[in-house]
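Encoded as structure tokens, the structure appears first; notes follow it.
The values are calculated or read from the model by the stated rules, or taken from the named source; none is laboratory data. In this text, all values refer to a predicted model and were calculated from it rather than measured experimentally. Every residue, glycine among them, receives a Cβ derived from its backbone with ideal geometry; neighbour counts consider all protein chains shown.
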Amino acid sequence: MGKDFGVSGSRVEQIIALKSGVLEYPWIVCTYLLGKDAAQGVELTPFTALRGDPHDYWFLDGDFIDRGEIA
């Protein structure tokens, strides 16, 4: 998955562990995974830390999430 974002696998692991320091990154990964599962017909285990629509949270940058870029 790191290749899809242009980052290392360890960076993605850090994001998944919610230790990236960027609040939007886990939402970007979540959106990516939900898109992949829909395309492949796989059902994911529900996310426990990320709930609802990130655009509903005032403290998140929805445009940043929509761009889907991780540095």
Say we look at segment 28-61 and pick out the residues that are closer than 20 Å to LYS3 by Cβ and either in contact with a Phe, Trp or Tyr (Cβ under 7 Å, 6 or more places away or on another chain) or not aliphatic (A, V, I, L, M) (or both); which of these is surrounded by the fewest Cβ atoms within 10 Å (Cβ to Cβ)?
GLN40
Report every pair of residues separated by at least 6 positions or lying on different chains whose Cβ atoms are under 8 Å apart, first residue within segment 1-12 and in contact (Cβ under 8 Å) with a residue 24 or more places away in the chain, second hydroxyl-bearing (Ser, Thr, Tyr) and surrounded by fewer than 17 Cβ atoms within 10 Å (Cβ to Cβ).
MET1/TYR32; ASP4/TYR32; PHE5/TYR32
Keeping to segment 62-71, report how many residues are farther than 17 Å from GLY2 by Cβ and either among the charged types (D, E, K, R) or in contact with a strand residue (DSSP E or B) (Cβ under 6 Å, 6 or more places away or on another chain) (or both).
3
Lone unmet requirement of (1) over 18 Å from MET1 (Cβ atoms); (2) modelled with pLDDT of 95 or more; (3) loosely packed, with under 11 Cβ neighbours inside 10 Å for LYS19
(1)
Scope segment 1-58; condition polar (S, T, N, Q), farther than 17 Å from ILE70 by Cα and not in a loop (DSSP other than H, G, I, E, B); matching residues:
GLN40
So which pairs qualify, if the first residue must be in segment 40-66 and of a type in the set (Gly, Ala, Ser), the second must be part of a loop (DSSP other than H, G, I, E, B), the Cβ gap must be under 7 Å, and the two must be at least 6 apart or on different chains?
ALA49/LEU18
Can you pull out every residue in segment 1-26 that is among the β-branched types (Val, Ile, Thr) and touching a helix residue (DSSP H, G or I) at 6+ places or on another chain (Cβ under 7 Å)?
VAL12, ILE15, ILE16
Identify, please: which residue in segment 62-71 is hydrophobic (A, V, I, L, M, F, W, C) and outside any helix (DSSP H, G or I) and is, among those, surrounded by the fewest Cβ atoms within 10 Å (Cβ to Cβ)?
ALA71
